[in-house]
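For reference, the structure discussed in these notes is given below.
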Amino acid sequence: MNKLKIAIQKSGRLNQDSLELLKDCGIKIDNGKDQLKVSARNFPLEVLYLRNSDIPQYIEDGVVDIAIIGENILIEKQKQAEVVEKLGFAKCRVSLAVPKRIEIDEAAYFNGKKIATSYPNTLQTYLKKNNIEADIHVISGSVEIAPNIGLADGVCDIVSSGSTLFKNGLRETQVILKSEAVLAKNRNLNAEKEAILEKLIFRIQAVLRAKNSRYVLMNVPTSKIDEVTAILPVLRSPTILPLAQEGWSSLHSVIEEEKFWNNIDALKNAGAEGILVVPIDKMVL
Ligand SMILES: Nc1ncnc2c1ncn2[C@@H]1O[C@H](COP(=O)(O)OP(=O)(O)OP(=O)(O)O)[C@@H](O)[C@H]1O
Ligand SMILES: O=P(O)(O)OC[C@H]1O[C@H](OP(=O)(O)OP(=O)(O)O)[C@H](O)[C@@H]1O
Ligand SMILES: [Mg+2]
């Protein structure tokens, strides 16, 4: 049987979350610490553990069919690949930063300046779009140290919490792009592989949807059911069961976690009590 080949980062920030996602999709694979290629035990999927920066080329060449990768790397490598699903982890941005003492915020500051980066294509595209002529100095890591050792006037690198910039006395001035882990695919998959991919995407979407949602149960005076229901942005309509105590009902529903917190006061004011919030494993609409 035809198998879909998926590239996963061998080690690094994406590795664990990628494997976890496949596991949550019910796909059983052995950990590839020593192996570079492992077949899933219960799904037509072959996992290849690769270096992040090599993956875009492998997708374009069809060495792998799909991959879990940071969208910023896909953009940087400028290879043929299609993003099919955003996965919600490894959220970061690629930004320009300067030493704190520089008080200029305008991108034009970088005219005639030297910028250290591991993302030369992303930076070049940004500079060109903004008519800035700067000298790009490519380094493969520890970019944030460059201004302190006199290697560059500024940096272009990944920022998440901002603590690496802070520790190195730098200040973020421009966000060039925002990124998160994505599922990307080769543009010319055959019909059989497309069918397997569709099954995988179906599972991934069920997992991601469930991650953001909660099952809520609450006790509500039966006379207040309409009022409480109006507050809850529900899937279809809530489940309502009578409580043993006369005049009270138990109301069950599914709600996005953020909306739950935004509506909690309104729910209580409307008479809901004994509110339970339960995680959901998978969610198929
Ligand atoms: N601090 C961060 N916070 C959130 N996401 C990040 C952060 N740093 C990197 N990322 C994202 O995670 C991806 C993997 O980062 P990681 O540092 O593990 O690998 P790498 O050094 O880019 O690649 P390689 O596997 O080639 O060594 C990046 O491409 C980016 O999309
Ligand atoms: O804003 P922060 O939360 O501090 O994250 C940003 C840092 O994270 C990444 O480095 P990483 O830790 O992946 O090390 P690496 O350079 O060895 O890849 C990135 O290159 C930044 O240096
Ligand atoms: Mg890194």
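The values are calculated or read from the model by the stated rules, or taken from the named source; none is laboratory data. Owing to the predicted nature of the structure, the values given are computational and were not obtained by experimental measurement. When we count neighbours, we look across all protein chains shown, and the Cβ atoms used for this are built from the backbone with ideal geometry, even at glycine.
Observations
- If only residues of the range 76-94 that are touching a residue at least 60 places away in the same chain (Cβ under 8 Å) and surrounded by 20 or more Cβ atoms within 10 Å (Cβ to Cβ) are counted, the one that is nearest to ligand 1 (Cβ to nearest atom) is 90.
- Residue 52 in contact with a strand residue (DSSP E or B) (Cβ under 8 Å, 6 or more places away or on another chain), in the same structural domain as residue 8 (by TED's automatic domain parsing), under 24 Å from residue 17 (Cα atoms) and modelled with pLDDT of 95 or more: no
- Residue among 64, 94, 47 that is more than 26 Å from residue 175 (Cβ to Cβ), in contact with a Ser or Thr (Cβ under 8 Å, 6 or more places away or on another chain) and at pLDDT 95 or above: 47
- The strands (runs of 3 or more DSSP E) found entirely in the range 113-220 that carry 3 or more residues being surrounded by 14 or more Cβ atoms within 10 Å (Cβ to Cβ) are 114-117, 154-159, 170-179, 181-185.
- Among the residues of this structure, residue 28 does not count as one that is farther than 17 Å from residue 185 by Cα and in a helix (DSSP H, G or I).
- Test for residue 106: is it within 16 Å of ligand 2 (Cβ to nearest atom) and either outside the structural domain of residue 185 (by TED's automatic domain parsing) or touching a helix residue (DSSP H, G or I) at 6+ places or on another chain (Cβ under 7 Å) (or both): no
- Checking every residue in the range 265-273 against the condition of being buried (at least 16 other Cβ atoms within 10 Å of the Cβ), in a strand (DSSP E or B) and touching a helix residue (DSSP H, G or I) at 6+ places or on another chain (Cβ under 6 Å) gives zero matches.
- Some residue of the range 35-42 being among the small types (Gly, Ala, Ser) and either surrounded by fewer than 20 Cβ atoms within 10 Å (Cβ to Cβ) or part of a helix (DSSP H, G or I) (or both): yes
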